[in-house]
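Written below as structure tokens is the structure these notes are about.
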Amino acid sequence: MKIFDISMPIHYHMPVYKNKEEKRPQLKTVQDFSTATAYESRIDMDMHTGTHIDAPLHMINGGDTIDYLDLSKVITPCKVIDLTYLEQQITREDLLGKEIEKGDFILFKTKNSYDEGFNPEFIFLEKSGAKYLAEIQIKGVGIDALGIERSQPNHETHLQLFQAGIVILEGLRLKEVEEGEYFLYAAPLYIKGAEAAPTRAILIKER
């Protein structure tokens, strides 16, 4: 089998949403070998830094937190769909004929995967595309952007997906991944009460 790490490495200079300084992760040394017999550090970071899963609480007052996530939804077969030819957004029309079926976990590969820094014009899932996925009743959707939507009033894409029970996985890196079927491991950190959590996302392809 072949393993693809589709996660973003976490460091201070990584791409962060809208290049906001407060979203940059800070790794600090607590003690080192000059003062102690063991090396220890701590990290201060936004839950939406890099590759992460959003929980319903992110957009829904009283929604479930990340510790309620059913892991069978994120340790599962999945399909990567190549949409690198799109220039602005992913709509319903773009998804028609893509063989998306009920229960699928879909990962969208777009030209976002080729951006080295944060691109304010990143490709996103428009509300008609989200509604289409909700109608099909897929399991989850991932995208190679730090957000699944961009400047949408009332967060329509998130709400369409959350209300349909669809998992949202953001911040993927799919540059080296071809369209096709894979097995996905994308378990988030087990943080009680959080509206999102960092995730190490991995794809496995049987040779």
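The values are calculated or read from the model by the stated rules, or taken from the named source; none is laboratory data. Since the structure is predicted, the reported quantities are computational estimates derived from the model, not experimental observations. Neighbour counts run over all protein chains shown; Cβ positions are idealised from the backbone, glycine included. For the accessible areas, the whole protein counts, side chains as well, though only heavy atoms, and no ligand, DNA or RNA atoms are used. Shrake-Rupley method; radii C 1.70, N 1.55, O 1.52, S 1.80 Å.
For the condition free of Cβ contacts under 8 Å to residues at least 40 places away in the same chain and open to solvent by less than 20 Å² (accessible area, probe 1.4 Å), what is the one hit in ILE136, ILE166?
Residue meeting the stated conditions: ILE166.
Of the numbered conditions (1) in contact with a Phe, Trp or Tyr (Cβ under 8 Å, 6 or more places away or on another chain); (2) over 19 Å from PRO188 (Cβ atoms); (3) open to solvent by less than 30 Å² (accessible area, probe 1.4 Å), ALA145 fails exactly one; give the number of that condition.
(2)
Kindly indicate which of GLY97, GLY103 is open to solvent by 30 Å² or more (accessible area, probe 1.4 Å) and modelled with pLDDT under 95.
Of the residues listed, the single one that is open to solvent by 30 Å² or more (accessible area, probe 1.4 Å) and modelled with pLDDT under 95 is GLY97.
Any residue in the range 74-94 that is farther than 29 Å from ASN119 by Cβ and either part of a helix (DSSP H, G or I) or of a type in the set (A, V, I, L, M) (or both)?
Yes, that holds for at least one residue.
Regarding the range 68-82, can at least one residue be identified that is out of contact with any strand residue (DSSP E or B) (no Cβ under 9 Å at 6 or more places or on another chain), open to solvent by 80 Å² or more (accessible area, probe 1.4 Å) and free of Cβ contacts under 8 Å to residues at least 60 places away in the same chain?
Yes; the residues of the range 68-82 include at least one that is out of contact with any strand residue (DSSP E or B) (no Cβ under 9 Å at 6 or more places or on another chain), open to solvent by 80 Å² or more (accessible area, probe 1.4 Å) and free of Cβ contacts under 8 Å to residues at least 60 places away in the same chain.
Check whether at least one residue in the range 53-60 is without any contact (Cβ under 8 Å) to a residue 40 or more places away in the chain, out of contact with any Pro (no Cβ under 7 Å at 6 or more places or on another chain) and charged (D, E, K, R), and report yes or no.
Checked the range 53-60: no residue is without any contact (Cβ under 8 Å) to a residue 40 or more places away in the chain, out of contact with any Pro (no Cβ under 7 Å at 6 or more places or on another chain) and charged (D, E, K, R).
In the range 110-131, what count of residues is obtained for those that are in contact with a Ser or Thr (Cβ under 7 Å, 6 or more places away or on another chain) and part of a loop (DSSP other than H, G, I, E, B)?
3
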